[in-house]
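Reviewing the structure listed below.
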Ligand SMILES: Nc1nc2c(ncn2[C@@H]2O[C@H](COP(=O)(O)OP(=O)(O)OP(=O)(O)O)[C@@H](O)[C@H]2O)c(=O)[nH]1
Ligand SMILES: [Mg+2]
């Protein structure tokens, strides 16, 4: 299945049906009076979050959608049939943005949640509506109004509690494999993961959380290098980021350099996201004696001035992963409980989410403009159209 997380489509609601001009004409009933019925209302365009859809692929193939118009009114005071609403299904996690002015029309995060993006046109009135004591034979009718039309941008951002970020080969996919039933591809070359995927982590307490694995970042990603930063938007909904860094690397770089690359790219991408909670996960500790790992980490934390929790794990041997998962679960539970009980905490989280998403959107469009200028429309580091992906279970 192809993974597509952005699409621009034109949607148009149905027009209202025209009102009818008619007079009752029947044997033995002279001057039967006006009996032109109203037209039917035009159908709305509605977007609905559907649990079984996981990508916006359908909107790549078809980019224009029109709802049914209402029918004309008829004689005998017959009202025209209303146009059916056009319901388009999108994956949960889809944000709908007005493409022309950038306004956010809505965010569909729950299965079944709907949003009317275009209102169908109001129906026209038949001439029987205009009869009055002074005008008993009106010839006046009104036309149905046009349905709204808009160009909308759909943006899918994965709904994950936790998201992984790190250099290629840091072991992000191996980590997801070790803690969940998801089976993303793992290999010892960079950019094994080309598109984001989700894994559900079932903890011993029968509680679960969702982790997103996103493609590795490299230095200059915020300027379009590697797979670019488009995929970073999938971090924006996560309540917690895990920065995965490998304890030693074949390329001979120091752990500090590797950690700093990601920190800088995150900062460039969104200052709000960068300022948020992020845990450092030192992976592949099986590659070094414990004392060396300890020294390395002490030195690293000092230089990074790291203020959040740090975990050392081996994803390959599932060492330290269980503890990490139970800490994540504990953290998420407290956060969710606070959001439930305190209006202020909830407002703060919403505000933060909106800010991160706006910064992400600005950064990506800035990058798009830059790329358009520099490469004259040639696409580089952007794989959105070409990548085939199997979504993980
Ligand atoms: N020794 C050891 N190797 C590991 C560990 N975790 C991952 N690896 C290896 O590191 C390599 C890269 O792992 P991946 O999980 O594909 O890394 P990734 O971060 O998902 O990489 P990209 O998808 O390219 O961004 C693979 O060969 C893994 O077997 C670990 O804890 N110890
Ligand atoms: Mg991977």
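The values are calculated or read from the model by the stated rules, or taken from the named source; none is laboratory data. Fair warning: this is a prediction, and the values are worked out from it, not measured in the lab. Heads up, the Cβs are rebuilt from the backbone with ideal geometry, glycines too, and the neighbour counts pull from every protein chain shown.
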Some residue of segment 305-323 being in a helix (DSSP H, G or I), closer than 22 Å to residue 218 by Cα and out of contact with any helix residue (DSSP H, G or I) (no Cβ under 8 Å at 6 or more places or on another chain): no
All positions within segment 337-350 that are closer than 25 Å to residue 180 by Cβ and exposed (fewer than 14 other Cβ atoms within 10 Å of the Cβ): 337
Within segment 177-197, considering residues that are buried (at least 23 other Cβ atoms within 10 Å of the Cβ) and closer than 18 Å to residue 157 by Cβ, the one nearest to ligand 2 (Cβ to nearest atom): 193
Number of the condition not met by residue 208 [criteria: (1) out of contact with any strand residue (DSSP E or B) (no Cβ under 7 Å at 6 or more places or on another chain); (2) surrounded by fewer than 17 Cβ atoms within 10 Å (Cβ to Cβ)]: (1)
Condition check for residue 371: more than 21 Å from the chain's Cα centre (by Cα), modelled with pLDDT under 90 and part of a helix (DSSP H, G or I): yes
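This table checks each residue for (1) farther than 30 Å from residue 201 by Cα; (2) at pLDDT 95 or above; (3) within 16 Å of ligand 2 (Cβ to nearest atom).
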residue	(1), (2), (3)
119	yes, yes, no
135	yes, no, no
151	yes, yes, no
172	no, no, yes
Filter result (part of a loop (DSSP other than H, G, I, E, B) and in contact with a helix residue (DSSP H, G or I) (Cβ under 9 Å, 6 or more places away or on another chain)) within segment 285-304: 288
Counted residues, segment 1-34 - those being in contact with a helix residue (DSSP H, G or I) (Cβ under 8 Å, 6 or more places away or on another chain), surrounded by 20 or more Cβ atoms within 10 Å (Cβ to Cβ) and assigned to a loop (DSSP other than H, G, I, E, B): 5
Hits in segment 291-320 (condition: within 16 Å of ligand 1 (Cβ to nearest atom) and out of contact with any strand residue (DSSP E or B) (no Cβ under 9 Å at 6 or more places or on another chain)): 292, 317, 318
Selection status of residue 140, assigned to a loop (DSSP other than H, G, I, E, B), within 11 Å of ligand 2 (Cβ to nearest atom) and surrounded by fewer than 21 Cβ atoms within 10 Å (Cβ to Cβ): no
